[in-house]
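Here's the structure we're looking at; comments come further down.
Just so you know, all these numbers are worked out from the coordinates, no wet-lab data involved. This one's a predicted model, so the numbers in the text were calculated from it and none came from an experiment. In this analysis, Cβ positions are derived from the backbone assuming ideal geometry, glycine residues included, and neighbour counts consider all displayed protein chains.
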């Protein structure tokens with residue numbers, strides 16, 4: 001992700017939204033994830049949030065004249081091990 005310094009607020013917003021999205025995708029609370037990570041959010045989930053924020057930063061339009069690509073399956077691979085599968 002490249003920024004000229006003017007995008008700092010936008011990048012911060014994307015990162016916060018990505019972190020929230022990743023936590024929601026696990027169907028767990030942030031506290032549960034911190035416990036699973038031994039006192040911090042697991043590294044894989046942090047990487048997933050970074051990937052998602054970078055994707056949103058690079059693909060800002062909801063519609064484009066060219067084909068846009070989905071976030072790679074790597075994102076799902078990072079989140080899947082932490083998903084709650086049942087109640």
So residue 9 and residue 32, fully extended at 0.36 nm per residue minus their Cα-Cα distance, gain in nm 5.4 nm
Compute the length gained on full extension between residue 84 and residue 21: take 0.36 nm times their separation in residues and subtract their Cα-Cα distance, giving the result in nm to one decimal. 21.2 nm
With label points set 7 Å from each Cα along the Cα-to-Cβ direction at residue 61 and residue 77, the distance between them in nm comes to 3.0
